[in-house]
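Let me begin by presenting the structure, written as structure tokens, before commenting on it.
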Amino acid sequence: MDTAAPDVFDPRLYLDGIPHDRYRHLRDRHPVAWQPEPEVLGWPAGPGFWAVTRHADVVHVLRDHRTYSSHLGATQIRDPAPADLPFLRRTMLNQDPPDHGRLRRLAARAFTPARVDAFAARVRDRARTLLTAARDVTEDGTADVVRTVTDEYALLNLTDLLGVPAADRGLLLDWTVRIIGYQDPEDAPPPVLGPDGRPVNPRSPALLGEMFGYARELAAYKRAHPADDLMTALAHAGLDDAELELFFFLLTVAGNDTVRSAAPGGLLALAGAPDAYRRFAAGEADPARAVDELLRVHPPVLSFRRTAAQDTVLAGQRIRTGDKVVVFHASANHDERVFADPHRLDLDRAPNPHVSFGDGPHVCLGAHFARLQLRVFHEEWRALMPPPELAGPPRRLVSNFINGLTRLPVRVRQV
């Protein structure tokens, strides 16, 4: 009898791609599996957690906020420093209803579909401009689309929506890289060390002062010079300073990195499925449905953590109050119990109940904006570029949280 549950915690595993074989082993034999948390890359060891890999169980955890709390221990696998936890609990991402609902309603009034849709023409112009430039300046017909297209595309779309001045836009990318890529020794700057010689979590308030100061200054400017953008709406939403700072933090990081991860991830998936791309290029696949399938096979987020608020049983496994419970989105999205032939890219897949934007009370507030950007990006690629073909090996982010690509060399012009 097989009793060994394979490791899916070590962020270095993900440098070689999503560990689908390990996920399938867990789904089939250990759907709720205990995972040790050893010291990795200088980050301290933790107490371990339960890995949840089947689709039905992932959805159950995400919907049952009374049993599986975002508030108790926040939403990252690694435990935050005890001194940081009260601060982290103030962000909407790390709250449970009813407090979460109050903040979400305030944000939703600012982050309306109508406001997002008003940016559609600008998003399309940006995709066309960046893709054309990447195609026309290359000498050998290839380009790293992460560096030349998708990083800029995600960042500039977000800063337009937020209303960040052009001169300040590089700050948002720097903050995102520092916070999202912290597990990757190549992608992020060297970690800041605390008095004990250990790395300080980049989400710690000690390292976010610059971002928070900027958020306050930008909100004050928007109150004096209102415009039709998200920061103007948030500046007038009745948030206190800490709530506004944390909203800015969440929108800057999550809003940027969702598309920053998903756009090149979608191209990588299409490069590996030329027949599917031919159907898309011929107009035989609905772009909106295609985007959801690309999100299924390449979810921007790999995992999210909850903390058990009470003793419970999940998939036959007893879980104790205070245990960490971590859902794995990419595993749920490839669960054979829900998705027929899950490793085939089926751009017509319907229904497609992927969990790439989560589920339950924390379902992604920016999903509409992300889908808009991804649909436009792939439509413009289809119109302007050759079929996606790898021109070299991609490089993935070292992370068990974000399903990122730091390099994606692709043929962008026939020579």
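The values are calculated or read from the model by the stated rules, or taken from the named source; none is laboratory data. Computed from a predicted model, the values in this text were never measured in an experiment. Glycine gets a Cβ as well: all are built from the backbone with ideal geometry, and neighbour counts include every protein chain shown. Heavy atoms of the whole protein, side chains included, go into the accessibility calculation; ligands, DNA and RNA do not. Shrake-Rupley method; radii C 1.70, N 1.55, O 1.52, S 1.80 Å.
Here is how the numbers come out for the structure above:
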| item | result |
| --- | --- |
| The range 33-45, residues that are modelled with pLDDT of 95 or more and either under 23 Å from the mean Cα position of the chain (by Cα) or small (G, A, S) (or both) | A33, Q35, E37 |
| Odd one out for V297, checked against (1) crowded, with 23+ Cβ neighbours inside 10 Å; (2) of a type in the set (A, V, I, L, M, F, W, C); (3) more than 19 Å from the chain's Cα centre (by Cα) | (3) |
| Single condition L267 does not satisfy, out of (1) open to solvent by 10 Å² or more (accessible area, probe 1.4 Å); (2) over 11 Å from the mean Cα position of the chain (by Cα) | (1) |
| Tally, over the range 318-329, of residues that are crowded, with 16+ Cβ neighbours inside 10 Å and among the polar types (S, T, N, Q) | 0 |
| The range 353-368, residues that are open to solvent by 30 Å² or more (accessible area, probe 1.4 Å) and not hydrophobic (A, V, I, L, M, F, W, C) | P353, D359, P361, H362, H368 |
| In the range 293-344, the residues that are more than 29 Å from R89 (Cβ to Cβ) and of a type in the set (V, I, T) | V297, V338 |
| Flag if F87 is among the aromatic types (F, W, Y), in contact (Cβ under 8 Å) with a residue 40 or more places away in the chain and in a helix (DSSP H, G or I) | yes |
| Selected residue (criterion: nearest to the chain's Cα centre (by Cα)) from residues of the range 219-241 that are open to solvent by 20 Å² or more (accessible area, probe 1.4 Å) and closer than 16 Å to R115 by Cα | A233 |
| Any chance A288 is under 24 Å from D117 (Cα atoms), open to solvent by 10 Å² or more (accessible area, probe 1.4 Å), among the hydrophobic types (A, V, I, L, M, F, W, C) and modelled with pLDDT of 95 or more | yes |
| Index of the failed condition, D348 passing every other in (1) open to solvent by 30 Å² or more (accessible area, probe 1.4 Å); (2) free of Cβ contacts under 8 Å to residues at least 12 places away in the same chain; (3) within 26 Å of A120 (Cβ to Cβ) | (2) |
| Flag for A332 being hydrophobic (A, V, I, L, M, F, W, C), closer than 22 Å to E389 by Cβ, touching a residue at least 60 places away in the same chain (Cβ under 8 Å) and surrounded by 16 or more Cβ atoms within 10 Å (Cβ to Cβ) | no |
| When residues of the range 115-164 are limited to those that are open to solvent by 60 Å² or more (accessible area, probe 1.4 Å) and small (G, A, S), the one nearest to R395 (Cα to Cα) | A121 |
| Yes/no for R198 being modelled with pLDDT of 90 or more and surrounded by 14 or more Cβ atoms within 10 Å (Cβ to Cβ) | no |
| Flag for T112 being at pLDDT below 90, open to solvent by less than 70 Å² (accessible area, probe 1.4 Å) and in contact with a Phe, Trp or Tyr (Cβ under 8 Å, 6 or more places away or on another chain) | no |
| Residues located in the range 161-177, provided they are aliphatic (A, V, I, L, M), touching a Leu at 6+ places or on another chain (Cβ under 8 Å), more than 13 Å from E210 (Cα to Cα) and in a helix (DSSP H, G or I) | L161, L162, L173 |
| Meets criteria (under 18 Å from G358 (Cβ atoms) and within 20 Å of the chain's Cα centre (by Cα)) for H55 | yes |
| Breaking point among (1) more than 22 Å from L270 (Cβ to Cβ); (2) open to solvent by 60 Å² or more (accessible area, probe 1.4 Å); (3) not β-branched (V, I, T), for F304 | (2) |
| Elements of type helices (runs of 4 or more DSSP H) in the range 97-142, at least 1 residues being under 14 Å from L384 (Cβ atoms) and in contact (Cβ under 8 Å) with a residue 60 or more places away in the chain | 120-137 |
| Inter-residue pairs, beta-carbon under 8 Å, first on the phi > 0 side of the Ramachandran plot and surrounded by fewer than 17 Cβ atoms within 10 Å (Cβ to Cβ) and in the range 44-65, second assigned to a strand (DSSP E or B) and of a type outside the set (D, E), 6+ apart | G48/W34; G48/Q35; G48/P36; G48/K324 |
| Leading residue by the ranking (nearest to I319 (Cα to Cα)) among those in the range 10-37 that are surrounded by fewer than 21 Cβ atoms within 10 Å (Cβ to Cβ) and hydrophobic (A, V, I, L, M, F, W, C) | W34 |
